[in-house]
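First up is the structure itself, then whatever we jot down about it.
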Amino acid sequence: MVHIRAFVEGDIPRVARLHQTVFKTTDRADADTLDAYHEYFTRVFLDSPLRDSRLPSLVYEDGDRILGFLGVVPRRMMMKGRRFQAAISSQFVVDPAAHAGLVAVRLARAFFEGPQDLAISDEANDIARKIWEGLGGMTSLLRSLHWTRPLRPATFAVATLQARPRLAPLAVSARPVAMMVDAIATRLPHSHFHQVKPQGSSAETLTEQAVLDFISDLNASGSLHVEYDERTLRWLLEQAHRRRAGGSLHAAVVKRHGGTIGWYFYHLDRDRVANVLHFAAARPVAREVLDHLFYQSTEHGAIAATGRLEPRYLQPLSDNYCLFHRRGPWVLLNSKRPDLVRSFETDNALFSRFDGEWCLGY
C-alpha cells in the first residue's frame, strides 16, 4: 500500500540506503556508514531542539519500500512582534527507479499542506524548483543571487581557471605571476585590495548572548527574521562545526562602545574561499562590519569571500567592490500569507544560509 507518513527511527536504514544511492555520499555500505547515518538522521530530524511533532519529516512508502524522503526542520520566525511557524525542507530525495516525478510531487504537496505559515528551501536544484512552482510555490530570484569579493584577485582568477579542466595547465603556469601581482595589489595603500584593520570598533569572539542581544534589536525593527534562544543557537553552531568538510569555521561579533553592531560567520574551504554563512549588521554600519569580515578572512588566508545576497546590504556590498552573480541553488518559498512572501521580495526579511539548510547537511 502506497502512502505518505511521518518519518520514524525505524525508517533510518532504508532512508540511509536511498540517500547513499542518490547522493553517492560514500562507496561503502558497511556498519560504520549505517551508524553515521543513524546518528545524523536522529540528531537532525528526530531529536533536535527545533523538532515539532506537528511538522514531522515525511517518507513515501510503498509496501516495505521507502521511495522518497523529505526532511522537515521547524523554525520560529518573527515580524512586527508576531510569531510565525516556518518549516525548512532538507534532504529531499526520491528513488530514481520509481516514478520519481510522481513521488516527488506527492511528497512536496504533503509538505505544503502542513500547518506551517511559510515553507522554505534554500539549497534547491532545478528539479525541485519546477516542483515547487508547479504546486504554487515561488522562486526568490533576488535572494538566489550571490556576491563575491576578491581579496587576492590574481590568485582567485587562477583558482577559477584551475577549476576548468581545459584551462588547468595555464593556471599552474600562471600561479607564480599571480602571487607577485597580489603581493603588490594588497600592499599599495590606495588599492581596493589593501585591507586595513578597522578602527573605532572591534571584532570579538562570538558568544550566543551577543547574537541574542543583536536579534532582540531586530524584533524592534519589525523585519522578518528567525527567532533564536540560547539552546537552539548553540545547537545550530554545533551542526555547522560538524560540517567543516576539511575547512575551518570563523565567527565574530563586531562591537562599538560595548554594544553589538553586527556579526558574521564563514567557512574557509580548502580552496581558501571564505563562504559567508551569515552576515548581519545595523544598516548604518553595515560597511564597517563588512570591513571586519574582509580583513579577518584575509588574515586567515582567504583569496576571496562569497555569500548569498541579502537585499538590505546590496549598497554596502556594491560599495565594497563585490561582484554579483547567479550560481548553484535556488531559494524557494511557499506560503498562503502574501506578507511573508513579500518580505523576501523586498529587504524586509533576514534569512541567511546559517538559518536555512547549510547547517542541516549530511
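The values are calculated or read from the model by the stated rules, or taken from the named source; none is laboratory data. All values reported here derive from a predicted model rather than from experimental measurement. Note: ideal-geometry Cβ built from the backbone for every residue, glycine included; neighbour counts use all protein chains shown. Side chains included, ligands, DNA and RNA excluded: accessible areas come from the protein's heavy atoms. Shrake-Rupley method; radii C 1.70, N 1.55, O 1.52, S 1.80 Å.
Of note:
- Sole residue being in contact (Cβ under 8 Å) with a residue 60 or more places away in the chain and over 26 Å from the mean Cα position of the chain (by Cα), chosen from Val172, Val196, Val181, Val93: Val196
- Sole residue being in contact (Cβ under 8 Å) with a residue 24 or more places away in the chain, open to solvent by less than 40 Å² (accessible area, probe 1.4 Å) and touching a Cys at 6+ places or on another chain (Cβ under 7 Å), chosen from Leu224, Leu206, Leu218, Leu236: Leu236
- Per-region count, region 102-147, residues under 17 Å from the mean Cα position of the chain (by Cα), surrounded by 21 or more Cβ atoms within 10 Å (Cβ to Cβ) and among the polar types (S, T, N, Q): 1
- Pair list, Cβ < 9 Å and 6+ apart or interchain, from region 52-74 residues that are surrounded by fewer than 22 Cβ atoms within 10 Å (Cβ to Cβ) and polar (S, T, N, Q) to residues that are outside any loop (DSSP other than H, G, I, E, B) and modelled with pLDDT of 95 or more: Ser53/Ala6
A quick yes/no check of all residues on (1) farther than 30 Å from Phe351 by Cα; (2) part of a helix (DSSP H, G or I):
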| residue | (1), (2) |
| --- | --- |
| Trp147 | no, no |
| Leu167 | yes, yes |
| Ala183 | yes, yes |
| Pro189 | yes, no |
| Gln195 | no, no |
| Pro198 | no, no |
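- Subset of region 348-362 [in a loop (DSSP other than H, G, I, E, B), of a type outside the set (S, T, N, Q) and crowded, with 16+ Cβ neighbours inside 10 Å]: Phe351, Arg353, Phe354, Asp355, Gly356, Glu357, Tyr362
- His241, sole failed condition from (1) modelled with pLDDT under 90; (2) under 17 Å from the mean Cα position of the chain (by Cα); (3) of a type outside the set (Lys, Arg); (4) surrounded by 15 or more Cβ atoms within 10 Å (Cβ to Cβ): (4)
- Of all residues in region 37-61, those satisfying the criterion of being under 21 Å from the mean Cα position of the chain (by Cα), assigned to a loop (DSSP other than H, G, I, E, B) and among the hydroxyl-bearing types (Ser, Thr, Tyr) are Ser48, Ser57.
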